[in-house]
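The values are calculated or read from the model by the stated rules, or taken from the named source; none is laboratory data. Because the structure is a prediction, the values reported are computed rather than measured. Here the Cβ is made from the backbone with ideal geometry for all residues, glycine too, and neighbour counts use every protein chain on show.
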Amino acid sequence: MRFSDLVARAAALAEGPGRAILGITGSPGAGKSTLVEALLRELDPERVAHVPMDGFHLADVALRAIGRLDAKGAPDTFDVGGYVALLRRIRADAEDVIYAPAFERDLEQPLAGAIAVPRSARLVLTEGNYLLVPSGRWPEVAEQLDEVWFCDPRPEVRLNQLVARHVRFGKAPDQAKAWVASVDEPNARLVESTRDRADLVIPAEVLEKLTPA
């Protein structure tokens, strides 16, 4: 498998009779966003849009109210119903523009109406950890996706990338490692259990070529 094969496969989805949605999944730190960014650089910008699942994080005020702030990032800390509703609107292809939320990393909070999906976008990329989880309302997400690709990096690379990301966005190194061990890794085990449900598994060799040295 080569990255050029992935670009061709994604482009083919955009040539169908209706709007297509491609899901990119994998454990925290697996390189989902890196893969999406690489695809966006190669695909026609007039015909592709990007709507990440992270825009549906519950805000800290809501997590605090339900006692889940310390578990931020777990499956039950997302507005799954809102995500499903947006994917259905995107698939319906009945609006000139659809606005989707983003996740502001500097604030660590969702930001409503930050992403425009124009009618010209025939392929929408969406990435997130739980696209293939078979419990709760997550299967409704999978129903809206034409294909789901699973990022499968080397475990040590994924962990290093994950800790580095937490540090980059404000956590001290020891705090980042503790968060990964107590929060991210239990979530990762759940995500890894969904690997065989994917339409395509992206191997480490492909992912590592996309990551800057």
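Observations
- Subset tally (residues that are without any contact (Cβ under 8 Å) to a residue 12 or more places away in the chain and outside any helix (DSSP H, G or I)) for the range 171-197: 3
- Against the test of being of a type outside the set (S, T, N, Q), exposed (fewer than 15 other Cβ atoms within 10 Å of the Cβ), over 17 Å from the mean Cα position of the chain (by Cα) and closer than 26 Å to Val124 by Cβ, the options Gly136, Gly170 yield a single qualifying residue, Gly136.
So that you can scan it fast, the table gives a plain yes or no per residue for (1) of a type in the set (Lys, Arg); (2) in a helix (DSSP H, G or I):
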{"site": "Arg64", "(1), (2)": "yes, yes"}
{"site": "Gly81", "(1), (2)": "no, yes"}
{"site": "Val84", "(1), (2)": "no, yes"}
{"site": "Arg88", "(1), (2)": "yes, yes"}
{"site": "Ile98", "(1), (2)": "no, no"}
{"site": "Pro110", "(1), (2)": "no, no"}
{"site": "Ser120", "(1), (2)": "no, no"}
{"site": "Val124", "(1), (2)": "no, no"}
{"site": "Val133", "(1), (2)": "no, no"}
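- Screening the range 66-79 for residues that are surrounded by 14 or more Cβ atoms within 10 Å (Cβ to Cβ) and part of a loop (DSSP other than H, G, I, E, B) and picking the one that is nearest to the chain's Cα centre (by Cα) gives Gly73.
- Selection from the range 201-213 of residues that are surrounded by fewer than 16 Cβ atoms within 10 Å (Cβ to Cβ) and not in a helix (DSSP H, G or I): Val201, Pro203, Thr211, Pro212, Ala213
- When Arg19, Arg41, Arg47 are screened for being on the phi < 0 side of the Ramachandran plot, in contact with a Lys or Arg (Cβ under 7 Å, 6 or more places away or on another chain) and surrounded by fewer than 17 Cβ atoms within 10 Å (Cβ to Cβ), only Arg47 passes.
- Filter result for Ala100 (of a type outside the set (D, E, K, R), touching a strand residue (DSSP E or B) at 6+ places or on another chain (Cβ under 6 Å) and at pLDDT 95 or above): yes
- Residue, surrounded by the most Cβ atoms within 10 Å (Cβ to Cβ), within the range 177-192, restricted to residues that are farther than 10 Å from Ala74 by Cβ and not charged (D, E, K, R): Val191
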